[in-house]
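Engineer: One structure is given below, represented as structure tokens, and several questions about it will come after.
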Amino acid sequence: MRFGEIRKPIALRLAFSLAFALLLGLFASAPGPACAEAGSAATPSQQEAPASPPAPDAAAPDKAAPAPEATVPEPDQQGAAPGVPSDATAETVDVPPRPVALLLGDAEWADGFKAITTAIGKVQDAIKAAGLKQAGPPFAVFLSTDDTSFHFEAMVPLAEKPGDKSDLPDGVKLGESPYGKAIKFLHRGAYDDIDSTYDLITAYLDEKGLEARNLFIEEYLTDTKESDDASLKADIYVFLK
């Protein structure tokens with residue numbers, strides 16, 4: 001989830017891998033000592049002697065290495081975006097603005113998911129108390145991050161923006177969600193493992209040469225409360241510059 005921190009290390013690993021692959025290709029194409037000796041001139045006695053057929057080597061078939069088998073991608077992986085598994089495909093979307101009820105929050109990474117779900121619960125309670133209608137899954141907007149903590153907004157979309165209200169109880173405010181061009185990635189699994197999805201996102205952006213804004217959204221499609229619950233389904237929106 002610490003999106004900004006992992007971008008440079010991933011790029012360095014990709015550059016090192018490419019350089020290493022090029023070196024391997026150069027070594028593989030260079031002639032070995034055996035080839036150089038075979039190409040040297042033969043002595044006069046060897047040139048005059050009649051060529052005799054080599055004796056058959058009965059053990060040769062047993063010593064021959066089997067040809068490598070071609071690797072064919074699994075059917076569900078052929079359409080996946082580069083660097084992203086089939087359950088985390090990337091899709092470019094235009095995110096529209098939506099009326100929302102929101103609550104600002106700060107949290108440590110260690111208990112981040114609990115802080116997010118607690119804030120979302122407060123927003124949902126305020127919506128019900130005000131007689132408003134929720135219109136879609138809740139989400140968290142990450143505004144800034146550092147090594148130990150992050151600043152976020154817990155948002156719940158509304159069917160419509162009430163014209164006679166500006167704030168709701170318990171510090172919940174009414175506003176508008178972020179909008180613009182973004183790439184949507186899928187995370188399926190425990191929230192404790194979501195960093196691995198962000199690693200794949202970073203690799204994908206580096207491969208495509210895309211620049212991301214310091215703004216991303218996690219939309220929670222399941223009502224999951226525990227960070228180790230493997231049933232979590234979340235969509236991650238990374239906004240582009």
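The values are calculated or read from the model by the stated rules, or taken from the named source; none is laboratory data. Since the model is a prediction, treat every value here as computed from it, not as a measurement. Quick reminder, even Gly has a Cβ in these numbers, built from the backbone with ideal geometry, and neighbours come from all protein chains shown. Areas reflect the complete protein model, heavy atoms only, side chains present, ligands, DNA and RNA absent. Shrake-Rupley method; radii C 1.70, N 1.55, O 1.52, S 1.80 Å.
Engineer: Pick out the one residue from ASP106, ASP125, ASP57 that is open to solvent by 40 Å² or more (accessible area, probe 1.4 Å), modelled with pLDDT of 95 or more and over 23 Å from ASP192 (Cα atoms). Can you show your working first?
Structural biologist: Numbers: ASP106 fails: over 23 Å from ASP192 (Cα atoms); ASP57 fails: modelled with pLDDT of 95 or more.
That would be ASP125, the only listed residue that is open to solvent by 40 Å² or more (accessible area, probe 1.4 Å), modelled with pLDDT of 95 or more and over 23 Å from ASP192 (Cα atoms).
Engineer: Among (1) touching a strand residue (DSSP E or B) at 6+ places or on another chain (Cβ under 9 Å); (2) at pLDDT 95 or above, where does ASN214 come up short?
Structural biologist: (2)
Engineer: Go through segment 207-218 residue by residue and tally those that are open to solvent by 40 Å² or more (accessible area, probe 1.4 Å) and in contact with a helix residue (DSSP H, G or I) (Cβ under 9 Å, 6 or more places away or on another chain).
Structural biologist: Applying the first criterion (open to solvent by 40 Å² or more (accessible area, probe 1.4 Å)) to segment 207-218 yields 207-211, 213-214.
The next check asks that each one be in contact with a helix residue (DSSP H, G or I) (Cβ under 9 Å, 6 or more places away or on another chain); those that pass are 207, 210-211, 214.
Adding up the residues that qualify gives 4.
Engineer: Under 9 Å between Cβ atoms, at least 6 apart or on separate chains: pull out the pairs that start in segment 209-220 with a residue that is in a loop (DSSP other than H, G, I, E, B) and end on any residue that is aliphatic (A, V, I, L, M) and surrounded by 17 or more Cβ atoms within 10 Å (Cβ to Cβ).
Structural biologist: Final answer for the pair search is LEU210/ILE183; LEU210/VAL238; GLU211/LEU205.
This table checks each residue for (1) over 18 Å from the mean Cα position of the chain (by Cα); (2) under 18 Å from PHE113 (Cβ atoms); (3) of a type outside the set (D, E, K, R).
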residue	(1), (2), (3)
LEU158	yes, no, yes
ILE183	no, no, yes
ALA190	no, yes, yes
ASP195	no, yes, no
ALA203	no, no, yes
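Engineer: Which of the residues that make up segment 181-202 are open to solvent by 20 Å² or more (accessible area, probe 1.4 Å) and either over 22 Å from VAL95 (Cβ atoms) or assigned to a strand (DSSP E or B) (or both)?
Structural biologist: Once the filter is applied, which keeps residues that are open to solvent by 20 Å² or more (accessible area, probe 1.4 Å) and either over 22 Å from VAL95 (Cβ atoms) or assigned to a strand (DSSP E or B) (or both), segment 181-202 yields LYS181, LYS184, LEU186, ARG188, ASP192, ASP193, ASP195, SER196, ASP199.
Engineer: Scanning for something among the β-branched types (Val, Ile, Thr), open to solvent by 30 Å² or more (accessible area, probe 1.4 Å) and more than 18 Å from the chain's Cα centre (by Cα), does segment 219-231 turn up at least one residue?
Structural biologist: Our first condition is that a residue be among the β-branched types (Val, Ile, Thr); within segment 219-231, this holds for 222, 224.
Adding the requirement that they be open to solvent by 30 Å² or more (accessible area, probe 1.4 Å) leaves 222.
Subset that is more than 18 Å from the chain's Cα centre (by Cα): 222.
Yes: one or more hits.
Engineer: What number of residues in segment 99-141 are part of a helix (DSSP H, G or I) and not polar (S, T, N, Q)? Explain how you work it out, then say what you get.
Structural biologist: First, pick out the residues of segment 99-141 that are part of a helix (DSSP H, G or I): 109-129.
Next, only the ones that are not polar (S, T, N, Q) stay: 109-116, 119-123, 125-129.
Selection size over segment 99-141: 18.
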